[in-house]
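The values are calculated or read from the model by the stated rules, or taken from the named source; none is laboratory data. Since we're looking at a predicted model, the values are computed, not measured. Neighbour counts run over all protein chains shown; Cβ positions are idealised from the backbone, glycine included. Accessible surface is based on the protein model in full, side chains and every heavy atom, while ligands, DNA and RNA are left aside. Shrake-Rupley method; radii C 1.70, N 1.55, O 1.52, S 1.80 Å.
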Amino acid sequence: MPTSLLLVALALVHIIWGGGFIVLKLVQDSFTIEQILLGRVLFASVIYLLIWSRIPKPQYKKGDWKTLILLALCEPFLLFTFETLGLQYTSAAQGGMIIACNPLTVAIGAYLVYKEKISRRCLIGIICAIAGVVIVSANGSANEFGSNPILGNFFIFCAVLSGTCYALSVKHLADRYHFLFLSAIQVFSATILFLPGAISSPLPESISWSALGALLYLGIGITFCVYLAINYALTRIKAAHVILFANLIPVSTLVLAFLILGEQLTPIQYTGAALVLAGVLYSGMPESSETAAPKEEQPAKA
């Protein structure tokens with residue numbers, strides 16, 4: 001896939017991801033948090049089960065099991081869990097500011113672990129995008145407060161670290177493991193880990209078609225499509241450039257909330273959104289033509 005098309009796909013899936021926060025409003029009245037978390041990975045697991053025989057077998061190397069376990073734990077299991085815990089104690093605005101650090105932590109992690117250089121252009125783009133997210137988040141509705149911001153922010157930062165470990169783990173395994181295999185491992189493990197909490201929750205009295213459709217959106221649209229695109233991108237371009245697109249999530253949430261729910265954006269929030277888009281385009285588009293020297297994909301073995 002051409003790099004330019006891959007970047008467009010990354011932008012699209014992160015916009016879809018941002019829409020998931022709006023969709024969550026539809027399912028929270030019908031399902032418990034534990035059931036929602038399971039639903040987000042269960043539908044994707046079914047898809048991977050159906051295509052499992054077509055996924056190229058990995059080239060296992062001694063010691064890979066450690067990285068595979070880290071990958072399986074970090075995302076989506078730990079990331080979803082820490083985000084849910086964090087937002088119970090802190091405001092969405094503060095949580096958005098901390099999540100905006102994800103591209104920076106991945107860039108630093110890739111530099112420390114894989115010696116990926118952080119160019120001046122990439123650094124400027126990251127700073128610009130983070131500044132935009134901070135502006136958008138800080139100027140959200142004034143009635144969003146948390147009962148224990150310090151504890152909540154700690155949990156959100158743990159989610160950021162989980163996402164960072166996930167990206168670095170995929171990068172480490174990408175040469176020997178097909179991106180479909182890694183995506184499947186993620187959702188299979190998360191399904192097993194979320195299952196006990198979901199089955200111990202009380203069953204809903206009734207399920208509307210809209211709630212079921214929203215759960216399908218979360219499970220297929222986000223967990224399947226988003227992770228599929230991200231894992232593939234991590235095998236083709238630098239990890240810092242891939243995670244940079246995460247800054248589109250809070251912005252797309254605000255824009256879609258305006259279009260679908262009629263929520264108004266303030267002028268300064270529009271400014272912040274423009275900064276995020278500028279940072280993504282400035283850092284990603286020009287430099288990503290220099291891919292991370294990917295190897296040619298091997299044909300699937302029979």
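Could you work out what % of the accessible surface of the chain is carbon and sulfur, using a 1.4 angstrom probe and leaving DNA, RNA and ligands out of the count? If you can, show how the numbers build up before the last one.
On the way: 10290 of 14950 Å².
Within the chain, the accessible surface is 69 percent carbon and sulfur.
Provide the packing ranking of 246-252, 49-55, i.e. peptides ordered by the mean count of other C-beta atoms within 10 Å per residue, highest first. The partial results should precede the final answer.
Numbers: 246-252: 25.6, 49-55: 10.6.
Most protected by this proxy first, the peptides run 246-252, 49-55.
Student exercise: in the chain, how many lysine pairs 8 or more apart or on different chains have Cα atoms under 16 Å apart?
Lysine pair count for the chain: 10.
Under 5 Å between amide H atoms, partner at least 5 residues away or on a different chain: which partners does Lys238 have, H built in plane at 1.01 Å?
Here Ala292 satisfy the definition.
Apply the a/c threshold of 1.5 to the C-alpha gyration tensor of the chain and tell me whether it is rounded, prolate or oblate.
oblate
Kyte-Doolittle mean at least 0.5 and Cα extent at least 20 Å along the axis: which DSSP H helices of the chain qualify?
3-27, 33-51, 120-138, 149-173, 179-199, 267-284
Quick check on region 97-242: take the gyration tensor over C-alpha atoms, sort the square-rooted eigenvalues as a ≥ b ≥ c, and tell me if it's rounded (a/c under 1.5), prolate or oblate.
It is oblate, given that a/c is not under 1.5 and a/b is not larger than b/c.
Taking the highest mean first, how do the peptides 76-88, 182-194 order by number of other beta carbon atoms within 10 angstrom per residue?
Descending mean neighbour count gives 182-194, 76-88.
If you take the square roots of the eigenvalues of the alpha-carbon gyration tensor of region 210-280 and sort them as a ≥ b ≥ c, do you get rounded (a/c under 1.5), prolate (a/b over b/c) or oblate?
Here region 210-280 falls in the oblate category.
When ranked by the protection proxy of mean other Cβ atoms within 10 Å per residue, highest first, what sequence do the peptides 65-74, 123-132, 228-237 form?
Highest to lowest by the protection proxy: 228-237, 123-132, 65-74.
What net charge is computed for the residues neighbouring Ser162, neighbours being all others with C-beta under 10 Å from the C-beta of Ser162, Lys and Arg scored +1, Asp and Glu -1?
The answer is -2.
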